[in-house]
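One structure below.
The values are calculated or read from the model by the stated rules, or taken from the named source; none is laboratory data. What you are looking at is a predicted structure, and each value in this text was computed from that prediction instead of being measured. Every residue, glycine as well, gets a Cβ built from its backbone with ideal geometry; the counts of neighbours run over all protein chains shown.
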Amino acid sequence: MENIIEMMAARRSCRKYTSEPLTAEEIKDLKRAALMSPTSKNCHSWEYVFVEDKEVIEKLSKSKEHGASFVSGATLAIVIFGNTSKTDVWVEDAAIASAMLMIEAHSMGLGTCYVQLKGRGYSDGRTAKDIVKELLNVPEGVEPLCILAVGRPDESHRPYTDDRLEWGHIHDERF
Ligand SMILES: Cc1cc2nc3c(=O)[nH]c(=O)nc-3n(C[C@H](O)[C@H](O)[C@H](O)COP(=O)(O)O)c2cc1C
C-alpha cells in the first residue's frame, strides 16, 4: 500500500477508462469519502449525484463545449454541487470534496479526472450549469461545481517526481 505522499505523486488525471464496471462496495466507499469531506462550520453544503446510467453520462459529456467529451467513456460520473443557501464558501467545500474523492479513488486503483462546470458552457451562451440542472433535476439554490469522471484506468501517466515539481511556487516565511 502506498503512503499518502506516494499516492499524491501517482495520482494523475485519467481520461480513458476500461469497460469493467465498478463494484457496489467501491461505489459505497466513494460515497463514504464524499460524506467525510470537511466543510466550513461543518455545514455540509455539498450535494452529489452519482451517475452510472450510460445515457446520462453521455449527456453530461456534452454539458460544455470543450474539455468534457471524454466523460462519455467514464464508468461513473460524480457531479458535485454546493448548496448556496448554507454557506458563502460552497465552492471551497465542493472543491475540497473533489480532491478527497480523487485521492480515495486513486487508493482504490481507480482513475479520475475533474471536469469544470461552474462558469463554463457553449459559445452560443448555453451554460453547463443550466444543462446539468435540467438533466439532473437539481433543486433551486443548488449549484454545480464539477463532474468527477471515474473508471478503471485505461491509460497511465508518469507519477510526479521531485525534479518535476515547481518549487518556485513555495515561499518560505514570506514572498
Ligand atoms: C479546477 C480544475 C478544473 C479542471 N477542468 C478540467 C476540464 O474541464 N477538463 C479536463 O479534461 N481536465 C480538467 N482538469 C484537470 C487538469 O487538466 C489536470 O488536473 C492538470 O492538467 C494536472 O494534471 P494531473 O491531474 O495529471 O496532475 C481540471 C482540474 C482542475 C483542478
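A few points about this structure:
- The number of residues in the range 114-147 being more than 10 Å from the ligand (Cβ to nearest atom), closer than 18 Å to A95 by Cβ and either in contact with a Ser or Thr (Cβ under 8 Å, 6 or more places away or on another chain) or among the basic types (K, R) (or both) comes to 4.
- When restricted to residues that are part of a helix (DSSP H, G or I) and of a type in the set (D, E, K, R), the range 158-174 contains 3.
- G111 within 14 Å of the ligand (Cβ to nearest atom) and crowded, with 19+ Cβ neighbours inside 10 Å: yes
- One residue from I96, I170, I80 being of a type in the set (V, I, T) and touching a residue at least 60 places away in the same chain (Cβ under 8 Å): I80
- Matching residues in the range 11-28 - criterion: being away from the ligand (no atom under 16 Å from the Cβ) and either surrounded by 17 or more Cβ atoms within 10 Å (Cβ to Cβ) or under 22 Å from L136 (Cβ atoms) (or both): P21, L22, A24, E26, I27, K28
- G67 within 12 Å of the ligand (Cβ to nearest atom), part of a loop (DSSP other than H, G, I, E, B) and on the phi > 0 side of the Ramachandran plot: yes
- Criterion violated by E155 - all others in (1) part of a loop (DSSP other than H, G, I, E, B); (2) closer than 12 Å to W46 by Cα; (3) in contact with a Gly (Cβ under 9 Å, 6 or more places away or on another chain) satisfied: (2)
- Condition check for G119 on (1) among the small types (G, A, S); (2) in a helix (DSSP H, G or I); (3) more than 15 Å from the chain's Cα centre (by Cα): one failure, at (2).
- Every pair of residues 6+ apart whose Cβ atoms lie under 6 Å, when the first sits in the range 1-18 and is in contact (Cβ under 8 Å) with a residue 24 or more places away in the chain while the second is within 14 Å of the ligand (Cβ to nearest atom) and among the hydroxyl-bearing types (S, T, Y): A9/Y160
- The conditions of being more than 21 Å from N3 (Cα to Cα) and either within 16 Å of the ligand (Cβ to nearest atom) or in a strand (DSSP E or B) (or both) are not met by V56.
- So L101, is it part of a helix (DSSP H, G or I) and out of contact with any Phe, Trp or Tyr (no Cβ under 6 Å at 6 or more places or on another chain): yes
- Here T84 does not fit the description of being more than 16 Å from the ligand (Cβ to nearest atom), buried (at least 21 other Cβ atoms within 10 Å of the Cβ) and at pLDDT 95 or above.
- Residue-level analysis places A33 among those that are in contact with a Leu (Cβ under 7 Å, 6 or more places away or on another chain) and more than 16 Å from the ligand (Cβ to nearest atom).
- V150 being in a strand (DSSP E or B), away from the ligand (no atom under 11 Å from the Cβ) and either buried (at least 19 other Cβ atoms within 10 Å of the Cβ) or free of Cβ contacts under 8 Å to residues at least 24 places away in the same chain (or both): yes
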